[in-house]
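The values are calculated or read from the model by the stated rules, or taken from the named source; none is laboratory data. Fair warning: this is a prediction, and the values are worked out from it, not measured in the lab. Reconstructed Cβ throughout: ideal geometry from the backbone, glycine too, with neighbour counts over all protein chains shown. Ligands, DNA and RNA are excluded from the accessible area calculation, which covers all protein heavy atoms including side chains. Shrake-Rupley method; radii C 1.70, N 1.55, O 1.52, S 1.80 Å.
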Amino acid sequence: MTVDDVYLITPKLLLAGADDVDALKHWLGADLPGGYARFVTLLGQGTYCGRLMVWMPAQILADCESERAFIREYFDDFWGDDGTIAMEEAARGVPFASTVDGDKVLYSLDRRQVFVLPRHGQKVIWMPQGHDDPRDWGLRNGEDINAESKWRYFDSHVERAIIELFSSGSFLIQEMAQRIAGHFSPAHRIDAPWGARLFLSDIHGMAQLTQAPGDKRVGVRLEFDPAAAAQVQRLVDELANQGFRETWRWPTPKGHD
């Protein structure tokens, strides 16, 4: 799996330029991690597979020292269970990514390898493929392992609108997925214990369906390009007729700030 195979939620991207990458390499005084240059020049700023945020060159340059200080202060008790790297070496690492859960992804200049300091864990995780496959270290969030192992997606979050709804009655996740598919044909679907996620290329977005254990009600989160607002509103109106209540919308409609 390479960045060329990644599904784009939206074609609107915020990319790093070749000059930005060259400036970072010059500042680093070493080769960049494998795959990094291709990632930020082909995918850019955003979220990879819903979890990982690869940093752009400007952010690395601006926040490197504060990240090192953070590691020295908050990971001081991390090293008792792990002998693969000392804190001094880890704190010399250069931050190249982070996750929505607070994991730190750094580049060891001593070894020319990428490693992860997990927020919820006591052992360093090494990334053998670097940024060629940033999920190679097993970054998962309870989603179907087989589906996730074959499916990679990226969201730049550029020009994104969001509508969230919640049902007052009982529904099946499968039923709601079929209802949404009747409006927008999914490019892919991920099923998980918490519900399902449908990737909707027609609206450059996705639909996330959630259902708590023992609860028959369903939460719906629709993310889409604002240009598709009229199409999405037809689905929202249909769901409202089925007893769904809109709980949040972004951007906030004028007069509802």
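Structural remarks
- Selection within the range 79-99: residues that are among the charged types (D, E, K, R) and open to solvent by 50 Å² or more (accessible area, probe 1.4 Å). The member of this set that is modelled with the highest pLDDT is Arg92.
- Single match in Ala37, Ala62 (criterion: free of Cβ contacts under 8 Å to residues at least 40 places away in the same chain and surrounded by 16 or more Cβ atoms within 10 Å (Cβ to Cβ)): Ala37
- Within the range 100-125, the set of residues being of a type in the set (S, T, N, Q) and open to solvent by less than 30 Å² (accessible area, probe 1.4 Å) comprises Ser108 only.
- Residues of the range 47-71 that are part of a helix (DSSP H, G or I) and hydroxyl-bearing (Ser, Thr, Tyr): Ser66 alone.
- Filtered by the rule that a residue be open to solvent by less than 10 Å² (accessible area, probe 1.4 Å) and in contact with an Asp or Glu (Cβ under 7 Å, 6 or more places away or on another chain), the range 187-218 gives Ile190, Ile203, Gly205.
- Residues located in the range 47-59, provided they are closer than 9 Å to Phe154 by Cα and open to solvent by 10 Å² or more (accessible area, probe 1.4 Å): Thr47, Gly50
- Val114 vs. criteria in a strand (DSSP E or B), at pLDDT 85 or above, within 19 Å of the chain's Cα centre (by Cα) and over 15 Å from Leu239 (Cα atoms): yes
- If you go through the range 186-236 and keep only what is at negative phi, among the small types (Gly, Ala, Ser) and part of a strand (DSSP E or B), you end up with Ala192, Ala196, Gly205, Ala207, Gly219.
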